[in-house]
Amino acid sequence: MEVFRQLKSFYWSERKYLFISIFSLMAATALGLVYPNLLRYLIDEVITKGRFEAVPYLALGVVGVMAVKAGFMFMHGASSARLGNKTAFNLRKALYEKLQYYSFQYYDQARTGDLMSRLTADLGAVRDFVGFGFVQLLNVFMMVLFGTVMMFTINWKLTLLTMVTMPFLAFTAIRFESRIHPAFRSIRKSMSSMTTSVQENITGVRTVKSFAREPHEIEKFSDRNEDYKVNNVNTSGIWAKYFPLMELFANLSVVILLGLGGWMVIGQVISLGELVAFFSLIWYIIGPMWGIGFHINNYTQSKASGERLLELLHQYIHVKNKENAVQLKADQVQGHVVFDHVTFAYTGKQPALTDFTLDARPGSVIGLLGGTGSGKSTVIQLLMRAYNVKDGRIMLDGADIRDVTLESLREQIAIVFQETFLFSSTIRNNIAYGVKQVSMDEVVRAAKLAKAHDFIMELPLGYDTVVGERGLGLSGGQKQRIAIARALLKNPKILILDDATSAVDMETEHEIQRGFREVMQGRTTFVIAHRISSLKHADEILVLDEGRVVQRGTHQRLMQEEGPYLETYKIQFADQPDASWDEPAAPIGEPLFADAGAAARENDEAAEREIAASAGAQAKLRGFAH
Ligand SMILES: Nc1ncnc2c1ncn2[C@@H]1O[C@H](COP(=O)(O)OP(=O)(O)OP(=O)(O)O)[C@@H](O)[C@H]1O
């Protein structure tokens, strides 16, 4: 019951339904006792004494009692359903809210299928027990109690003798409970592993099909399906072993009653009517005793489910607001970002970032370059406080970001991720996602800046087109442009572009960059890119390798020193058969962040020519520089 004590806050507010349900079920149960008494009266007072004229009145009495009992059963059903569903509603709400605030650290490990199974099957089991199971379990005890008391009033000796097998029955039921509980826990686990498999398969259906891995997926699912089956069969085995035993003990008491009771009637110790009433009462007790297995099963299942829900509810949230956290005021934020000797490692891993230091003045553009896994995205994750920094600190306008409320910090930041996530909603809603009140004009303006407007207008329903789950139905570049529009619309103090234009073609990238330039003036911008052309006008470019800054400076400076930046430049440059790979030969637009990088740009051409000459690729360079 400890589990349900911990879940009390979810159902206690609805206790009036609980009490109505208990009261009405008890009343109905008590009315059930009228029937054996009527039988006794019918035999001893009416039939034996030949007063047959009373039979119709007795029959009417039974109908009346049954009608009232039906009324109480209706009240029990209705209030239990309300109680169960209100509890489920409260729990679902709390769990969903909790899911919103779990830290990235939690989601790094979480399995969607498992979460879904907790939110559906486990929640359903708790709902059924709180709504019906509990009251019915209580009713079982009441029926046994009422029935026994009534039997005692008829003949205490016969009652004691009839009840002699009941302790064995109770003992078997308790043994049964202790075996069946772990079995149900295993069933729940294998169920969630099976749903995880289904969910992953549906999400990754394209990958599965493109690698023709359907047979492998079927086999993987079969294993889990098998595991689920085995767990269910084992549970049925426990059930099959204990249930007949319980039935045997229950039936033994009937045999004892008939034998001893019959003998007592012959010896005129009790009347025939009393034996018939006794017989009816013993079934009144045995009925719920048989059901006790079901109720215990129901209880243990919901207890296992309740534990799994509590595990979610008690999950530690790593990143949360401190007490007295400062609320950033949007109109006062400058966007001055400082990383002060930050070292960070993901749980159980080598540091992803080591002694990282950076001073990004308001309105400046910072470029991050580095190979896969070098720590670029980690810099961004830490800035948005997806994870807490323990070694070193990150400051925004002089305040440690751990002292600032998460909401106000993230309101100042807009990120365009490498992978675009779109919700199954209209394009308009997807663009307006990060902003509360927004007009259609603003949405269209952002879409135009992100070069998304034209292709959106070509869709049959334009901005009202509903995109499929995860944006299916749109190309990678189109999705990225919608994500860019979403970020632009937010108009943040800090803009982060995490390989944001990797999926669009060069020309579109260039146009989008012009859009950024227009919108992002005065905003601090972080650009992660693999193409040097996307970063070259940044105020400072940091080159990362295995979490360490190995080079830093402007494009112009970095081009003049030996190192990975120059190497990358050469590789990117040498790989291109056509000079137009990077930016159009004829400058169709200004470079990105022209204002911020204006000083650096002046000498670009000369530096690039020098390098290209040394690489023996002058012809290609003509298109690269502008
Ligand atoms: N959520 C995570 N949990 C554990 N380790 C992670 C996580 N995210 C990144 N890492 C690890 O941290 C290191 C740096 O990763 P990061 O994503 O910052 O690299 P990156 O430079 O952005 O790479 P890419 O260009 O491929 O996106 C890698 O070794 C990576 O495996």
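The values are calculated or read from the model by the stated rules, or taken from the named source; none is laboratory data. Computed from a predicted model, the values in this text were never measured in an experiment. Neighbour counts are summed over all protein chains in view; Cβ atoms, including those assigned to glycine, are modelled from backbone coordinates with ideal geometry.
A compact table of results
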quantity	calculated
Output for region 96-109, where each listed residue is surrounded by fewer than 15 Cβ atoms within 10 Å (Cβ to Cβ) and either under 21 Å from MET191 (Cα atoms) or within 11 Å of the ligand (Cβ to nearest atom) (or both)	TYR96, PHE104, TYR107, ASP108, GLN109
Some residue of region 170-187 being within 30 Å of GLY273 (Cα to Cα), of a type outside the set (Gly, Ala, Ser) and in a helix (DSSP H, G or I)	no
Residue in region 74-86 that is over 30 Å from LEU252 (Cβ atoms), part of a helix (DSSP H, G or I) and out of contact with any Phe, Trp or Tyr (no Cβ under 9 Å at 6 or more places or on another chain) present	yes
Among the residues listed as PHE344, PHE339, the single one being in contact with a strand residue (DSSP E or B) (Cβ under 6 Å, 6 or more places away or on another chain), within 13 Å of the ligand (Cβ to nearest atom), modelled with pLDDT of 90 or more and outside any loop (DSSP other than H, G, I, E, B)	PHE344
All positions within region 72-130 that are free of Cβ contacts under 8 Å to residues at least 12 places away in the same chain and within 21 Å of ASN298 (Cα to Cα)	GLY77, ALA78, PHE89, THR120
Residue satisfying condition, being under 30 Å from GLN199 (Cα atoms) and in contact with a helix residue (DSSP H, G or I) (Cβ under 9 Å, 6 or more places away or on another chain), within set LYS86, LYS69	LYS86
Enumerated helices (runs of 4 or more DSSP H) restricted to region 441-532, each holding at least 3 residues that are at pLDDT 75 or above	453-458, 476-490
Residue among ARG410, ARG361, ARG402 that alone is at negative phi, of a type in the set (D, E, K, R) and in contact with an Asp or Glu (Cβ under 8 Å, 6 or more places away or on another chain)	ARG361
Residue among LEU252, LEU281, LEU245, LEU312 that alone is more than 50 Å from the chain's Cα centre (by Cα) and not β-branched (Val, Ile, Thr)	LEU252
Flag for GLU214 being more than 30 Å from ALA304 (Cβ to Cβ) and either modelled with pLDDT under 90 or more than 25 Å from the chain's Cα centre (by Cα) (or both)	yes
Evaluation of LEU406 against (1) out of contact with any strand residue (DSSP E or B) (no Cβ under 7 Å at 6 or more places or on another chain); (2) within 16 Å of the ligand (Cβ to nearest atom); (3) closer than 21 Å to ASP498 by Cβ (one fails), failing number	(2)
Matching residues, region 24-67, being closer than 22 Å to LEU138 by Cα and without any contact (Cβ under 8 Å) to a residue 40 or more places away in the chain	VAL34, MET66
Filter result (among the aliphatic types (A, V, I, L, M) and away from the ligand (no atom under 13 Å from the Cβ)) within region 536-549	ALA538, ILE541
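Here's the yes/no breakdown for (1) surrounded by fewer than 16 Cβ atoms within 10 Å (Cβ to Cβ); (2) away from the ligand (no atom under 14 Å from the Cβ); (3) not in a strand (DSSP E or B):
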residue	(1), (2), (3)
LEU353	no, no, no
PHE356	no, no, no
ASP359	yes, yes, no
GLY363	no, yes, yes
ILE366	no, yes, no
VAL379	no, no, yes
LEU382	no, no, yes
ALA386	no, no, yes
ILE394	no, yes, no
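Rundown of residues vs (1) buried (at least 16 other Cβ atoms within 10 Å of the Cβ); (2) without any contact (Cβ under 8 Å) to a residue 12 or more places away in the chain, yes/no style:
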| position | (1), (2) |
| --- | --- |
| TRP156 | no, yes |
| ARG175 | no, no |
| ARG188 | yes, no |
| SER197 | yes, no |
| GLU200 | yes, no |
| LYS209 | no, yes |
| PHE221 | no, no |
| ALA250 | yes, no |
| GLY267 | no, yes |
